[in-house]
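As structure tokens, the structure follows; a few thoughts come after it.
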Amino acid sequence: MEKTLVLIKPGGVSRNLIGEITKRLENRNLSVAAMKLMNAERSTVEKHYAEHASRPFFGEVCDYLTSGPIVAMVISGANAVKAVRSTMGATNPVEAAPGTVRGDFALTIDDNLVHSSADADAAKAEIELWFSEGTVK
Ligand code: CDP
Ligand code: MG
């Protein structure tokens, strides 16, 4: 059993895709272990994307993540880290396969609707960052 962090970014929330995205994870027999609708603190987003701090898109992605409400959730299940990444699809939506969240609902990399942890170490750090209160399950 693994846990991983998912963010539904402001574009996903404003387009009313919370249910659609969560349904796809649950359909795959992944479970919601914690979930909250929130306005992210910029400091949290900057820590979350710290690996990209020197990249040209860092400021924009931090602006985007703080531009409106997001959903943060912890998803658990067998092989959850890889299973969630494959459900979400490639970072650039025009390269994401049809049938993935990004391939079905997004068009541009700056509005690619979702985040999910890249590997087990990132998942552990990101869950601690976003759910300092701990998870429900
Ligand atoms: O989200 P993912 O792990 O698939 O991709 P990443 O390479 O870790 O990049 C983090 C986020 O930065 C992406 O999801 C995009 O929202 C954003 N990004 C961007 O706006 N432009 C790029 N050239 C690369 C990433
Ligand atoms: Mg990433």
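The values are calculated or read from the model by the stated rules, or taken from the named source; none is laboratory data. All figures in this text were calculated on a predicted structure; none of them were measured in a lab. So basically every Cβ, Gly included, is an ideal-geometry build from the backbone, and we count neighbours across all protein chains shown.
Assess whether GLU41 counts as being away from ligand 2 (no atom under 15 Å from the Cβ) and under 12 Å from LEU5 (Cβ atoms). Break it down stepwise before answering.
On the way: away from ligand 2 (no atom under 15 Å from the Cβ): yes; under 12 Å from LEU5 (Cβ atoms): no.
In short, no.
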Practice task
Enumerate the pairs (first residue in region 78-98 and of a type in the set (D, E, K, R); second residue anywhere and not in a helix (DSSP H, G or I)) with beta-carbon separation below 7 Å, excluding pairs fewer than 6 apart on the same chain, so at least 6 apart or on different chains.
Solution key: ARG85/SER116
Handout entry: Flag if ILE75 is among the aliphatic types (A, V, I, L, M), touching a helix residue (DSSP H, G or I) at 6+ places or on another chain (Cβ under 8 Å) and surrounded by fewer than 21 Cβ atoms within 10 Å (Cβ to Cβ)
Key = no
Problem - Flag if GLY99 is closer than 12 Å to ARG24 by Cα and of a type in the set (Gly, Ala, Ser) - result: yes
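State all residues of region 71-86 that are within 12 Å of ligand 1 (Cβ to nearest atom) and either within 14 Å of LEU5 (Cβ to Cβ) or among the β-branched types (Val, Ile, Thr) (or both); if no residue qualifies, say none.
Initially, region 71-86 is screened for residues within 12 Å of ligand 1 (Cβ to nearest atom), giving 81, 84-86.
Across region 71-86, the qualifying residues are VAL81, VAL84, ARG85.
Restricting attention to region 66-91, which residues are among the small types (Gly, Ala, Ser) and in a strand (DSSP E or B)?
Going through region 66-91, the residues among the small types (Gly, Ala, Ser) turn out to be 67-68, 72, 76-78, 80, 83, 86, 89-90.
The answer is ALA72, SER76, GLY77.
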Exercise for the section: Taking the residues in region 6-35 that are surrounded by fewer than 14 Cβ atoms within 10 Å (Cβ to Cβ) and touching a residue at least 24 places away in the same chain (Cβ under 8 Å) as candidates, determine which candidate is nearest to ALA118 (Cα to Cα). Expected result: ASN29
Practice task
Being farther than 15 Å from LEU7 by Cα, touching a helix residue (DSSP H, G or I) at 6+ places or on another chain (Cβ under 6 Å) and assigned to a helix (DSSP H, G or I) is the filter here, so list the residues in region 92-107 that pass it.
Solution key: PRO93
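When you go through ASP110, ASP63, ASP121 one by one, which is the residue that is part of a helix (DSSP H, G or I), of a type outside the set (A, V, I, L, M) and over 19 Å from ASN39 (Cα atoms)? Steps first, please.
On the way: ASP110 fails: over 19 Å from ASN39 (Cα atoms); ASP63 fails: over 19 Å from ASN39 (Cα atoms).
Being part of a helix (DSSP H, G or I), of a type outside the set (A, V, I, L, M) and over 19 Å from ASN39 (Cα atoms) holds for just one of ASP110, ASP63, ASP121, which is ASP121.
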Fill in the blank from the handout: ALA53 vs (1) within 21 Å of ARG85 (Cα to Cα); (2) exposed (fewer than 12 other Cβ atoms within 10 Å of the Cβ): all pass except (1)
Exercise for the section: Could you grab the pairs with beta carbons closer than 6 Å, sequence gap of 6+ or different chains, first residue in region 105-125 and more than 23 Å from GLY11 (Cβ to Cβ) and within 15 Å of ligand 2 (Cβ to nearest atom), second one at pLDDT 95 or above and assigned to a helix (DSSP H, G or I)? Expected result: ALA120/VAL81
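Inside region 26-60, can you point out the residues that are away from ligand 1 (no atom under 16 Å from the Cβ), more than 14 Å from PRO10 (Cα to Cα) and not in a strand (DSSP E or B)?
Pass one, region 26-60, residues away from ligand 1 (no atom under 16 Å from the Cβ): 26-39, 41, 43.
This time we only want the ones that are more than 14 Å from PRO10 (Cα to Cα), so: 26-35, 43.
GLU26, ASN27, ARG28, ASN29, LEU30, SER43, listed by residue number.
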